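The values are calculated or read from the model by the stated rules, or taken from the named source; none is laboratory data. Owing to the predicted nature of the structure, the values given are computational and were not obtained by experimental measurement. For neighbour counting, all protein chains shown are included, and Cβ atoms are generated from backbone atoms with ideal geometry for every residue, glycine included.
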Amino acid sequence: MPAHMLQLSSSYTTTTTTIRAPPKGSPQNEGEKLENHPFYSEEDIRPEMKDDIYDPSYQDAEGPRPKFEFVWRNIILMCLLHLGALYGIILVPTCKFYTWLWAYVYYLISGLGITAGAHRLWSHRTYKAWLPLWLFLIFANTMAFQNDVYEWARDHRAHHKFSETDADPHNSRRGFFFSHVGWLLVRKHPAVKEKGATLNLSDLKAEKLVMFQRRYYKPAVLLICFILPTLVPWFYWGETFLNSLCVATFLRYAVVLNATWLVNSAAHLYGYRPYDKNINSRENILVSLGAVGEGFHNYHHTFPYDYSASEYRWHINFTTFFIDCMAVLGLAYD
């Protein structure tokens, strides 16, 4: 086994939070210039993270909250999506096996685009990645269609720094429905915009890949999240168009959305708090099952800089397993 992999293996036995030894060829190797690495990209930066750390000094302003302003476009589209997904459930028994497999693999990759990508890599900078992994995660994140990486990371940093206040985009103190999906159906609270504007997002703005995705996000989503998953089963193994649309696209997409939203709702309302009883986020195993490892939420809010987002590494945590595999391949480090 190569020496750098032995180093990685030894570090796994001594820590539950970081991969201490970067893979061979990474910029930490003494005497090697970053520019000479085959996967070098000038955007590979990780500034000192401060804006994902909880700020207990921030308190909500006194007085009544502003009235809800409904975003009817989002309400209509969300209703249509879930109606299509419900019909997809009825059609599941009539689908071909390859369609089930295709939908599941698409769900899993989409989930990694959120968990390993937008969340652990870009929102919290809990590890570093070389360009091939970046490209995979930005593609997977676009498959998931939950806002582009820049907007997702901005909202998530605000969620951590101002958790359970009006500056938290999906404040769980406003109830399960609001923190689950309601926050996407109404205009943001003024405090979200005000405090969100104070966050340091220079690391995201400096990444050309992230800003490229933001620039072309809508047409990319239309192609990757809707057209591609519908056409592949229909064209390659003769699935009916209706099954392809309602199961591989609508049902799969709705499941990915709700699995992610449960981290904001259920994992802030139901479960236990072994790490910090003063915060609302909780350990919820069922959420972790659906969200490929993101349900250990009391731990995550206590230690947001841990790439594993859990004390237990691979236990019900496919995302950590994936990142560790990428580390062994030399595509993820630190």
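So here's what we get for this one:
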| read-out | value |
| --- | --- |
| Flag if residue 244 is within 21 Å of residue 165 (Cα to Cα) and out of contact with any Lys or Arg (no Cβ under 6 Å at 6 or more places or on another chain) | no |
| Single unsatisfied condition, residue 191 versus (1) surrounded by 15 or more Cβ atoms within 10 Å (Cβ to Cβ); (2) of a type outside the set (Lys, Arg); (3) within 20 Å of residue 135 (Cβ to Cβ) | (3) |
| Residue within region 161-171 that is buried (at least 16 other Cβ atoms within 10 Å of the Cβ), in contact with a helix residue (DSSP H, G or I) (Cβ under 7 Å, 6 or more places away or on another chain), part of a helix (DSSP H, G or I) and touching a residue at least 24 places away in the same chain (Cβ under 8 Å) present | no |
| Segments classed as helices (runs of 4 or more DSSP H), wholly inside region 241-334, with at least 1 members that are among the charged types (D, E, K, R) and farther than 26 Å from residue 158 by Cβ | 252-264, 318-328 |
| Tally, over region 218-256, of residues that are in contact with a Ser or Thr (Cβ under 7 Å, 6 or more places away or on another chain) and not hydrophobic (A, V, I, L, M, F, W, C) | 7 |
| Some residue of region 204-220 being assigned to a helix (DSSP H, G or I) and within 19 Å of residue 268 (Cα to Cα) | no |
| Number of the exception - residue 87 against (1) at pLDDT below 95; (2) more than 18 Å from the chain's Cα centre (by Cα) | (1) |
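For (1) closer than 30 Å to residue 333 by Cβ; (2) not in a helix (DSSP H, G or I), each residue gets a yes or a no:
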{"site": "109", "(1), (2)": "yes, no"}
{"site": "118", "(1), (2)": "yes, no"}
{"site": "125", "(1), (2)": "yes, yes"}
{"site": "134", "(1), (2)": "yes, no"}
{"site": "179", "(1), (2)": "no, no"}
